[in-house]
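Participant: Here it is, the structure in full.
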Ligand SMILES: Nc1ncnc2c1ncn2[C@@H]1O[C@H](COP(=O)(O)OP(=O)(O)OP(=O)(O)O)[C@@H](O)[C@H]1O
Ligand SMILES: [Mg+2]
């Protein structure tokens, strides 16, 4: 029987190949995800482990506030001398280097004033007399010395054609200055550090540039021979002030990589999720293809049964077929994943997410998981067709025109479908609206709900095929006359087949619709929230929209001609009541001209009374910490200072995209308590309002600050959701894989139908159908199927997105339908239909009429 | 279709099979009726047929189109169930068996030859021949397979696929396939129906030969008087009943009997 199965498969190569394609992509996505993220992981591991290779112990300022833009606390230069004097210490060096938070931003700027390279932009102060501690290697030239020299990383140098001896601009906390490139450097053995750039100065220059005079970010220490790292740490410990800590080099490397590991595993899960969707769609395609082939092989199964094959043997033969297809597809998918991993990385880069790369990692886990997942999914999808095959009675071997008997469960299918839909919607509702569920159970409920909904609608859809085909097939009849009408008839001839084919497309389309509708709802809500908060002619932000930018840039704009009024908003993070909190430093005299406070307690007058210790807090923050007007509480800044503040006003901003921090203090107070203050926004009003000329003039004043970017108010509003739009586009691309998989499903069904109707096509050709008409007929059938998929998928997606926005309404999200995008999806469905029909239509039109008529 | 009438139609033929032990037939049917459909549109394809097929003989079933020949053969072979009545093969009442037991019975006792050959297109001739043994998990005896394929004249066609064989050659493969498991009884529904008369003649000779040399009990449905002429016994069906039962007869006698039957 095994031989029969395998030979049968070999005899139906095209069909097996098309079936396999449905799994290949999903597996490739799984394997590609692992390859990509393992490779990134290896690069990061390399960066971190090499960072501390020659280092036995590291002294750092403590990370008092996670994600603070001013970074860790620093350590004093005197500490270096004390540590160096310890008997256990062989050598010690202080440096300016912070790979965790980009608190030392140093952006290379080309001649045209354009920034070179991406994000992050590491500025480093390196003690070139103590090279044992650094992973940086000179590729060319010498290390920088003095305030006029810089060393550039090899990636940037190669990408932008810079060489030793050239001059390049670098923007740090202040305006751009020109430096001479004295060398080109490379980070250890890491091939690419992604979009990051590295500018290396000598230590005093870096200290000045990053406003860390007399301080180091860290001190690296090497132990004398015979002294272990732990002993060294023990010896250093007593010397340290409270805000500093010491770790062994190894411990530090592990701690550093922990953060990135979290980020990488998020990417892994997200990409695997999309691979899962593609596999789920693939499962539909396989189920459908195998169902069709089983139906077409009724006579073969019946013959086998008359020859003594048991039901179990028939069952096993179909499952074995699924297994073989699944395994082969998984192997192909596994290797395709190697290429896809690279492709996904390019995709990320195209969307502005440039991550470090090392040599490609092809882990055993990748192989095992990919093969297992692809094979298991295929085998599971083959179970139902396999059981159907066992119900073929032997008598069908001798009956003409025999068809597979209807399933025993067929009469109950609509009830099962409705039941599934009800349960699925219940699960979705519970996941979205029930209180007090953990993230895991919410995700589980949502996942199962969505899968259940798809399966339920797919089960039900065979009943919907007829009316839908009449609806969406109407244009076909008008456009293509008789072949169009025949196409419509053909589409409803086998409703469950058409339904399953359309259902595969439905899934992909429903998911992109969810993304589109949700995206448009969130974007519109966020934009109107921003519009509600501000009223300014111009807004200056960091070029990336979320980092703070140099105060000097804000001041340069403020001083420009024609500026009537400007207001700076400082930003950093601090700790309050044991959690991280965004703090903005506002100018009490000007802020209310630009920012509209919805006062809950207090009034505009609160701004006047901010003074040296006043704070304005958001309603939510006040509720969370039981604050009311007059409450006093302490906040701790990244430098370790404690700031005591009094609540002077409580306001209630929109839920989405709050421009100010949970806590705002006066700018004077902010500048006194936070290290290295930077601006989040500069709001500007000009005389005569926004004009092109004024825009040019203001942009001119920012020429020396490549980090800062000027927006008109409307630009600013859209820029707030730019990242989000990028994310949406990325999601579309990832979901496109599922749509492609369903495309294979459509090709499959059509090829099989054409094959099945060989004789009939021969007859049609014999009575006068032209090749063109034959092609047209197949094409229209395909488009009708695709449109049925769209007719199911788009409403389903809108429904799902509606549920989610309803659940998000408490966060100020309102439902909004992106009609234009949905029309594009409809067009995508039609194009998918046309594409899927190419091969089958060609086969149909090339049939030899005589042979087709004799075909049995 | 009352019991008395059908009892009258019961025909007993002395068993002279390979084992020659039992006096009853290897296949027997008792008061078998078969009704297709329900209500006004129902068709009584068999209206009370009883018969015994004795081992080692070739029994031909003849009758006008629609008389129920195929239906009878399907029921005798356990492919279909009678509406009423009982069928036994090799002492087992198959009308009471479940699917698993029926499968087992088919493996051990039944061989089929189809009008449309029903070969598996992806297997070679030889693989098609040994397929029933493989399904039953039995290792084919090479000597037996060689003898068999030699007998049916397939020696130099063994590695060909069905699409590379003529209709007659395909039916030879089917005959070898039916014989390979030495079934108790072999059923053939119009085995020459899809072949020209010369080729059909060769196939009939082959079937006769298998009865003669292997003592293969065979039931063959046919339209063709020349085909029936090779049989040891010819049953005539009309309107769902056995109306005539001849011993070995010439084609002319059979034609005459056919006409008589059709006139009734
Ligand atoms: N599956 C079926 N459903 C309904 N009626 C059937 C079915 N199979 C056979 N019949 C009817 O039963 C009667 C006997 O059919 P059967 O196929 O046994 O005849 P036959 O003698 O083999 O005819 P032929 O010589 O044409 O093959 C016919 O009237 C036929 O229409
Ligand atoms: Mg018949």
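Only the coordinates and a few stated rules stand behind these numbers; no lab work does. As the structure is a computational prediction, the values presented were derived from the model and not from experiment. Heads up, the Cβs are rebuilt from the backbone with ideal geometry, glycines too, and the neighbour counts pull from every protein chain shown.
Participant: Ranking request for peptides A:781-794, A:296-309: highest mean number of other beta-carbon atoms within 10 Å first, then the rest in descending order.
Facilitator: Ranking, from highest mean packing down: A:781-794, A:296-309.
Participant: Note the angle between two axes, namely the Cα long axis of helix A:819-846 and the longest principal axis of the Cα atoms of chain A, as a number of degrees from 0 to 90, rounded to the nearest 10.
Facilitator: 40
Participant: Now for a different question. Kindly put A:44, A:724 in sequence by how many other C-beta atoms sit within 10 Å of each C-beta, fewest to most.
Facilitator: Going from least to most buried by this count: A:724, A:44.
Participant: Could you check what % of the DSSP bridge pairs in the range A:42-194 are antiparallel, to the nearest 5?
Facilitator: 75
Participant: OK, next. Give the peptides A:622-630, A:705-713 in descending order of average Cβ contacts within 10 Å, highest first.
Facilitator: A:705-713, A:622-630
Participant: Work the Kirkwood hydrodynamic radius out for chain A: mean of 1/r over every pair of different alpha-carbon atoms, inverted, in Å.
Facilitator: 31.2 Å is the Kirkwood radius here.
Participant: Next question. Shielding of B:101-109 by partners, i.e. mean partner chain Cβ atoms within 10 Å per residue? If you can, show how the numbers build up before the last one.
Facilitator: Values: counts 0, 4, 9, 2, 1, 7, 4, 1, 1.
Rounded to a whole number, the mean comes out at 3.
Participant: Still on this model: Among B:59, B:192, B:88, which one shows the highest mean-square fluctuation when chain B is modelled as a Gaussian network with alpha-carbon springs under 10 Å?
Facilitator: Answer for the Gaussian network model of chain B: B:88.
Participant: Springs between alpha-carbon atoms under 10 Å, Gaussian network over chain B: tell me which of B:38, B:134, B:147 tops the mean-square fluctuations.
Facilitator: In this elastic network of chain B, the residue with the biggest mean-square fluctuation among B:38, B:134, B:147 is B:38.
Participant: How well do other chains shield peptide B:183-190, expressed as the mean number of their Cβ atoms within 10 Å of each residue Cβ?
Facilitator: Numbers: counts 1, 0, 0, 0, 2, 0, 1, 1.
That works out to 1 on average.
Participant: Continuing with this model, one more query. Could you give the distance between the Cα centres of the range A:118-171 and the range B:146-215, to the whole Å?
Facilitator: Cα centroid to Cα centroid, the span is 87 Å.
Participant: Based only on other Cβ atoms within 10 Å, what is the fewest-to-most ordering of B:220, A:29, A:344, A:763?
Facilitator: A:763, A:344, B:220, A:29
Participant: Based only on other Cβ atoms within 10 Å, what is the fewest-to-most ordering of B:114, A:108, A:546?
Facilitator: Details: B:114 22, A:108 27, A:546 11.
Taking fewest neighbouring Cβ atoms as first place, the list is A:546, B:114, A:108.
Participant: Averaged over peptide B:115-125, how many Cβ atoms belonging to another chain are found within 10 Å of each residue's Cβ?
Facilitator: The mean count of partner-chain Cβ atoms within 10 Å per residue comes to 5.
Participant: Mind jotting down the distance between the C-alpha centroids of the range A:512-569 and the range A:770-832, whole Å?
Facilitator: So the two Cα centres are separated by 34 Å.
Participant: What is the packing order of peptides B:137-146, A:734-743, A:507-516, taking the mean over residues of other C-beta atoms within 10 Å and listing the highest first?
Facilitator: A:507-516, A:734-743, B:137-146
Participant: Can you grab the distance from the C-alpha centre of the range A:427-468 to the C-alpha centre of the range A:615-629, Å, no decimals?
Facilitator: Taking the Cα centre of each part, the range A:427-468 and the range A:615-629 sit 39 Å apart.
Participant: Would you kindly calculate the mean projected area, averaged across all directions, of the convex hull enclosing the Cα atoms of the range A:152-285, in square nanometres?
Facilitator: 14.4
Participant: Take the Cα of residue A:729, step 7 Å along the line toward its Cβ, and report every residue of the range A:802-830 whose backbone nitrogen sits under 18 Å from that point.
Facilitator: A:821-822, A:824-825, by backbone N distance to the label point.
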